[in-house]
Amino acid sequence: MRLETYRTLWGDTRPWADSIAEARAEGFDGIEGRIPDLQNLPTCREALLASGAPYIAIAMTGGGVVPRQEASLEDHLADLDVDLARAALLAPRFVNVLGGNDRWPAAKQAEFISRAMAIGRTHDLILSFETHRARLCATPWVALDVVAQVPDALFTADISHWVVGCERLLDDPCDDFSAFIARVHHVQARVGYDQGPQVSHPGAPEHAAALRFHQDFWRTIWMDQARRGYACTTLTPECGPDGYTHTLPFTNLPVADRHAMNRWLLDAQRGSFAGCFPAPSPTRSF
(Lines give C-alpha, C1' and ligand atoms only; values in the text may rest on other atoms or scores of the structure.)
Protein backbone atom coordinates (compact mmCIF):
# COMPACT_ATOMS: atom_id res chain seq x y z
CA MET A 1 0.00 0.00 0.00
CA ARG A 2 1.21 3.49 -0.88
CA LEU A 3 1.04 6.57 1.37
CA GLU A 4 -0.17 9.75 -0.36
CA THR A 5 0.30 12.98 1.62
CA TYR A 6 -1.52 16.28 1.42
CA ARG A 7 -0.65 19.78 2.59
CA THR A 8 -3.47 21.53 4.42
CA LEU A 9 -4.67 24.89 3.09
CA TRP A 10 -6.04 25.78 6.53
CA GLY A 11 -5.07 29.43 7.06
CA ASP A 12 -3.46 29.69 3.59
CA THR A 13 -5.08 32.50 1.58
CA ARG A 14 -2.59 32.58 -1.30
CA PRO A 15 -3.43 31.59 -4.89
CA TRP A 16 -3.56 27.81 -5.22
CA ALA A 17 -0.75 27.82 -7.77
CA ASP A 18 1.60 29.17 -5.09
CA SER A 19 0.30 26.79 -2.43
CA ILE A 20 0.67 23.77 -4.70
CA ALA A 21 4.19 24.72 -5.70
CA GLU A 22 5.20 25.05 -2.06
CA ALA A 23 3.48 21.77 -1.16
CA ARG A 24 5.38 19.95 -3.88
CA ALA A 25 8.66 21.56 -2.80
CA GLU A 26 8.05 20.33 0.75
CA GLY A 27 7.43 16.78 -0.43
CA PHE A 28 3.64 16.61 -0.28
CA ASP A 29 1.74 14.92 -3.11
CA GLY A 30 -1.23 17.30 -3.15
CA ILE A 31 -3.40 19.73 -1.21
CA GLU A 32 -6.47 19.50 1.04
CA GLY A 33 -8.70 22.52 1.47
CA ARG A 34 -12.15 24.04 1.37
CA ILE A 35 -14.03 24.10 -1.90
CA PRO A 36 -13.44 27.55 -3.44
CA ASP A 37 -16.30 29.93 -4.12
CA LEU A 38 -17.54 30.47 -7.66
CA GLN A 39 -15.40 33.57 -8.13
CA ASN A 40 -12.13 31.76 -7.37
CA LEU A 41 -13.05 28.36 -8.75
CA PRO A 42 -11.72 28.88 -12.33
CA THR A 43 -8.22 29.88 -11.18
CA CYS A 44 -8.13 27.06 -8.63
CA ARG A 45 -9.17 24.57 -11.29
CA GLU A 46 -6.49 25.91 -13.63
CA ALA A 47 -3.84 25.52 -10.90
CA LEU A 48 -4.83 21.90 -10.29
CA LEU A 49 -4.83 21.07 -13.99
CA ALA A 50 -1.49 22.76 -14.63
CA SER A 51 0.23 21.02 -11.72
CA GLY A 52 -1.46 17.64 -11.90
CA ALA A 53 -1.62 17.70 -8.10
CA PRO A 54 -4.34 15.61 -6.43
CA TYR A 55 -6.87 17.51 -4.35
CA ILE A 56 -8.99 16.54 -1.34
CA ALA A 57 -11.99 18.86 -1.10
CA ILE A 58 -13.49 20.00 2.20
CA ALA A 59 -17.24 20.69 2.32
CA MET A 60 -18.70 22.52 5.33
CA THR A 61 -22.43 22.51 5.90
CA GLY A 62 -24.61 24.74 8.02
CA GLY A 63 -22.05 27.51 8.44
CA GLY A 64 -18.38 27.64 9.38
CA VAL A 65 -16.41 25.15 11.45
CA VAL A 66 -19.01 25.61 14.18
CA PRO A 67 -22.41 25.33 12.50
CA ARG A 68 -25.34 27.70 12.93
CA GLN A 69 -27.33 26.13 15.73
CA GLU A 70 -30.65 26.88 14.03
CA ALA A 71 -29.60 25.18 10.76
CA SER A 72 -31.87 22.20 10.11
CA LEU A 73 -30.93 18.85 8.63
CA GLU A 74 -32.44 20.05 5.35
CA ASP A 75 -30.30 23.21 5.48
CA HIS A 76 -27.15 21.11 5.90
CA LEU A 77 -28.08 18.84 3.00
CA ALA A 78 -28.88 21.79 0.75
CA ASP A 79 -25.49 23.35 1.54
CA LEU A 80 -23.79 20.07 0.72
CA ASP A 81 -25.53 19.79 -2.65
CA VAL A 82 -24.32 23.28 -3.62
CA ASP A 83 -20.78 22.56 -2.40
CA LEU A 84 -20.55 19.26 -4.27
CA ALA A 85 -21.66 20.88 -7.53
CA ARG A 86 -18.60 23.15 -7.29
CA ALA A 87 -16.32 20.38 -6.05
CA ALA A 88 -17.17 18.19 -9.04
CA LEU A 89 -15.61 20.78 -11.35
CA LEU A 90 -12.26 20.23 -9.56
CA ALA A 91 -12.28 16.41 -9.80
CA PRO A 92 -11.20 15.85 -6.19
CA ARG A 93 -9.86 12.53 -5.00
CA PHE A 94 -12.80 12.60 -2.58
CA VAL A 95 -14.71 15.12 -0.45
CA ASN A 96 -14.08 15.40 3.28
CA VAL A 97 -17.39 16.46 4.84
CA LEU A 98 -17.44 18.62 7.96
CA GLY A 99 -21.17 18.36 8.47
CA GLY A 100 -24.06 18.14 10.83
CA ASN A 101 -24.20 19.24 14.44
CA ASP A 102 -23.04 17.54 17.63
CA ARG A 103 -26.37 18.45 19.25
CA TRP A 104 -28.13 15.99 16.94
CA PRO A 105 -28.83 12.50 18.32
CA ALA A 106 -27.01 9.61 16.66
CA ALA A 107 -30.04 8.63 14.59
CA LYS A 108 -30.24 12.12 13.07
CA GLN A 109 -26.50 12.15 12.37
CA ALA A 110 -26.86 8.78 10.64
CA GLU A 111 -29.79 10.11 8.58
CA PHE A 112 -27.68 13.07 7.45
CA ILE A 113 -24.82 10.78 6.42
CA SER A 114 -27.11 8.40 4.54
CA ARG A 115 -28.83 11.19 2.62
CA ALA A 116 -25.52 13.00 2.05
CA MET A 117 -24.06 9.88 0.41
CA ALA A 118 -27.04 9.82 -1.95
CA ILE A 119 -26.30 13.43 -2.91
CA GLY A 120 -22.65 12.51 -3.39
CA ARG A 121 -23.62 9.77 -5.81
CA THR A 122 -25.57 12.26 -7.95
CA HIS A 123 -22.34 14.26 -8.31
CA ASP A 124 -20.22 11.10 -8.78
CA LEU A 125 -18.14 11.97 -5.71
CA ILE A 126 -16.87 9.86 -2.82
CA LEU A 127 -17.63 11.37 0.60
CA SER A 128 -15.68 10.84 3.82
CA PHE A 129 -17.25 12.17 7.04
CA GLU A 130 -14.89 13.78 9.53
CA THR A 131 -14.92 13.28 13.28
CA HIS A 132 -14.90 16.80 14.73
CA ARG A 133 -16.01 18.68 17.81
CA ALA A 134 -19.27 20.58 17.24
CA ARG A 135 -19.99 18.31 14.26
CA LEU A 136 -20.78 14.71 13.38
CA CYS A 137 -19.21 12.01 15.54
CA ALA A 138 -17.82 14.54 18.00
CA THR A 139 -17.16 11.80 20.55
CA PRO A 140 -16.11 8.19 19.93
CA TRP A 141 -19.19 6.88 21.72
CA VAL A 142 -21.59 8.69 19.40
CA ALA A 143 -19.39 7.73 16.44
CA LEU A 144 -19.67 4.03 17.24
CA ASP A 145 -23.45 4.36 17.39
CA VAL A 146 -23.54 6.25 14.07
CA VAL A 147 -21.19 3.83 12.33
CA ALA A 148 -23.49 0.93 13.16
CA GLN A 149 -26.41 2.71 11.49
CA VAL A 150 -24.72 3.59 8.17
CA PRO A 151 -22.82 0.47 7.08
CA ASP A 152 -21.65 1.93 3.75
CA ALA A 153 -20.30 5.25 5.03
CA LEU A 154 -16.60 6.19 5.08
CA PHE A 155 -14.99 8.36 7.71
CA THR A 156 -12.07 10.75 8.18
CA ALA A 157 -10.27 10.12 11.46
CA ASP A 158 -9.23 13.25 13.30
CA ILE A 159 -9.00 11.64 16.70
CA SER A 160 -7.39 14.67 18.34
CA HIS A 161 -10.97 15.92 18.81
CA TRP A 162 -11.92 12.74 20.64
CA VAL A 163 -8.89 12.99 22.94
CA VAL A 164 -9.67 16.51 24.11
CA GLY A 165 -13.42 15.82 24.22
CA CYS A 166 -12.92 12.76 26.44
CA GLU A 167 -10.07 14.44 28.36
CA ARG A 168 -7.78 11.43 28.06
CA LEU A 169 -5.82 9.30 25.65
CA LEU A 170 -8.22 6.60 24.52
CA ASP A 171 -5.96 3.69 25.40
CA ASP A 172 -7.89 2.01 28.21
CA PRO A 173 -8.47 -1.76 27.78
CA CYS A 174 -12.20 -0.92 27.60
CA ASP A 175 -11.65 1.25 24.48
CA ASP A 176 -12.48 -0.77 21.36
CA PHE A 177 -12.70 1.29 18.18
CA SER A 178 -12.31 -1.55 15.70
CA ALA A 179 -15.80 -0.97 14.22
CA PHE A 180 -14.84 2.65 13.45
CA ILE A 181 -11.32 1.85 12.28
CA ALA A 182 -12.76 -0.60 9.76
CA ARG A 183 -14.53 2.34 8.08
CA VAL A 184 -11.78 4.98 8.06
CA HIS A 185 -10.93 6.30 4.61
CA HIS A 186 -8.63 9.25 5.40
CA VAL A 187 -6.43 10.41 8.27
CA GLN A 188 -5.96 13.98 9.39
CA ALA A 189 -2.80 13.80 11.47
CA ARG A 190 -2.71 16.13 14.42
CA VAL A 191 -1.65 15.16 17.93
CA GLY A 192 -4.14 16.14 20.59
CA TYR A 193 -3.80 15.85 24.35
CA ASP A 194 -6.15 15.70 27.31
CA GLN A 195 -6.63 19.47 27.46
CA GLY A 196 -6.48 20.49 23.81
CA PRO A 197 -6.69 19.44 20.17
CA GLN A 198 -3.04 20.26 19.39
CA VAL A 199 0.11 19.79 21.46
CA SER A 200 2.69 22.57 21.53
CA HIS A 201 4.89 20.51 19.17
CA PRO A 202 4.34 16.85 18.22
CA GLY A 203 8.05 16.13 18.54
CA ALA A 204 8.47 17.56 22.03
CA PRO A 205 9.46 14.87 24.55
CA GLU A 206 6.79 15.98 27.03
CA HIS A 207 4.17 14.90 24.48
CA ALA A 208 5.72 11.51 23.71
CA ALA A 209 2.79 9.55 25.18
CA ALA A 210 0.23 11.51 23.13
CA LEU A 211 2.29 11.06 19.95
CA ARG A 212 2.67 7.35 20.59
CA PHE A 213 -1.09 6.91 21.08
CA HIS A 214 -1.95 8.74 17.85
CA GLN A 215 0.70 6.93 15.82
CA ASP A 216 -0.51 3.57 17.11
CA PHE A 217 -4.07 4.50 16.14
CA TRP A 218 -3.01 5.60 12.65
CA ARG A 219 -0.96 2.45 12.13
CA THR A 220 -3.97 0.35 13.10
CA ILE A 221 -6.01 2.22 10.48
CA TRP A 222 -3.38 1.56 7.80
CA MET A 223 -3.19 -2.12 8.62
CA ASP A 224 -6.96 -2.39 8.42
CA GLN A 225 -7.04 -0.52 5.10
CA ALA A 226 -4.46 -2.94 3.73
CA ARG A 227 -6.70 -5.79 4.85
CA ARG A 228 -9.59 -4.11 3.01
CA GLY A 229 -7.53 -3.99 -0.17
CA TYR A 230 -6.54 -0.31 -0.26
CA ALA A 231 -3.77 0.28 -2.79
CA CYS A 232 -3.25 3.83 -1.51
CA THR A 233 -4.02 5.64 1.74
CA THR A 234 -4.18 9.40 2.27
CA LEU A 235 -2.89 11.51 5.13
CA THR A 236 -2.93 15.25 5.83
CA PRO A 237 -0.76 16.63 8.67
CA GLU A 238 -3.05 19.28 10.13
CA CYS A 239 -1.46 21.48 12.75
CA GLY A 240 -3.33 24.72 12.33
CA PRO A 241 -3.93 28.32 13.33
CA ASP A 242 -7.17 29.62 14.89
CA GLY A 243 -6.22 28.94 18.50
CA TYR A 244 -4.74 25.50 17.81
CA THR A 245 -1.09 26.59 17.78
CA HIS A 246 -0.01 27.54 21.30
CA THR A 247 1.01 31.16 21.84
CA LEU A 248 2.94 33.13 24.44
CA PRO A 249 0.79 35.20 26.80
CA PHE A 250 0.50 38.95 26.20
CA THR A 251 2.25 38.71 22.82
CA ASN A 252 0.15 36.12 20.95
CA LEU A 253 3.39 34.91 19.35
CA PRO A 254 3.31 31.23 18.36
CA VAL A 255 5.56 28.93 20.37
CA ALA A 256 6.23 26.85 17.24
CA ASP A 257 5.74 27.29 13.50
CA ARG A 258 2.69 25.32 12.34
CA HIS A 259 4.16 24.70 8.89
CA ALA A 260 7.32 23.30 10.47
CA MET A 261 5.16 21.09 12.69
CA ASN A 262 3.29 19.77 9.67
CA ARG A 263 6.57 19.02 7.90
CA TRP A 264 7.74 17.22 11.06
CA LEU A 265 4.56 15.12 11.04
CA LEU A 266 5.01 14.43 7.34
CA ASP A 267 8.47 12.95 7.94
CA ALA A 268 7.43 11.13 11.13
CA GLN A 269 4.41 9.50 9.52
CA ARG A 270 6.35 8.44 6.46
CA GLY A 271 8.72 6.64 8.79
CA SER A 272 5.84 5.15 10.77
CA PHE A 273 4.15 3.97 7.58
CA ALA A 274 7.36 2.42 6.31
CA GLY A 275 7.58 0.49 9.56
CA CYS A 276 4.14 -1.00 8.85
CA PHE A 277 4.91 -1.85 5.23
CA PRO A 278 8.67 -2.31 4.78
CA ALA A 279 9.93 -2.49 1.24
CA PRO A 280 10.77 -6.04 0.15
CA SER A 281 14.43 -6.97 0.10
CA PRO A 282 15.93 -6.94 -3.39
CA THR A 283 16.18 -10.35 -5.01
CA ARG A 284 19.77 -11.52 -5.44
CA SER A 285 20.75 -12.82 -8.81
CA PHE A 286 23.56 -15.32 -9.21
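The values are calculated or read from the model by the stated rules, or taken from the named source; none is laboratory data. Since the model is a prediction, treat every value here as computed from it, not as a measurement. When we count neighbours, we look across all protein chains shown, and the Cβ atoms used for this are built from the backbone with ideal geometry, even at glycine. SASA here: full protein model, heavy atoms, side chains in, ligands and nucleic acids out. Shrake-Rupley method; radii C 1.70, N 1.55, O 1.52, S 1.80 Å.
Descriptive notes on the structure:
- In the range 47-71, residue most open to solvent (accessible area, probe 1.4 Å) [restricted to those that are free of Cβ contacts under 8 Å to residues at least 24 places away in the same chain and touching a helix residue (DSSP H, G or I) at 6+ places or on another chain (Cβ under 9 Å)]: ARG68
- CYS276 vs. criteria surrounded by 14 or more Cβ atoms within 10 Å (Cβ to Cβ) and modelled with pLDDT under 95: yes
- Pairs, first touching a residue at least 60 places away in the same chain (Cβ under 8 Å) and closer than 15 Å to LEU80 by Cα in the range 103-123, second open to solvent by less than 80 Å² (accessible area, probe 1.4 Å) and of a type in the set (S, T, N, Q), C-beta under 6 Å, six or more apart: none
- Test: residue in the range 77-96 that is open to solvent by 20 Å² or more (accessible area, probe 1.4 Å), among the β-branched types (Val, Ile, Thr) and assigned to a loop (DSSP other than H, G, I, E, B): no
- For the range 97-143, the tally of residues that are open to solvent by 30 Å² or more (accessible area, probe 1.4 Å), touching a strand residue (DSSP E or B) at 6+ places or on another chain (Cβ under 7 Å) and among the basic types (Lys, Arg) stands at 0.
- In this structure, THR234 qualifies as more than 17 Å from PRO197 (Cα to Cα) and either crowded, with 20+ Cβ neighbours inside 10 Å or of a type in the set (Lys, Arg) (or both).
- Hits in the range 164-175 (condition: open to solvent by less than 100 Å² (accessible area, probe 1.4 Å), over 15 Å from LEU211 (Cβ atoms) and not in a helix (DSSP H, G or I)): ARG168, ASP172, ASP175
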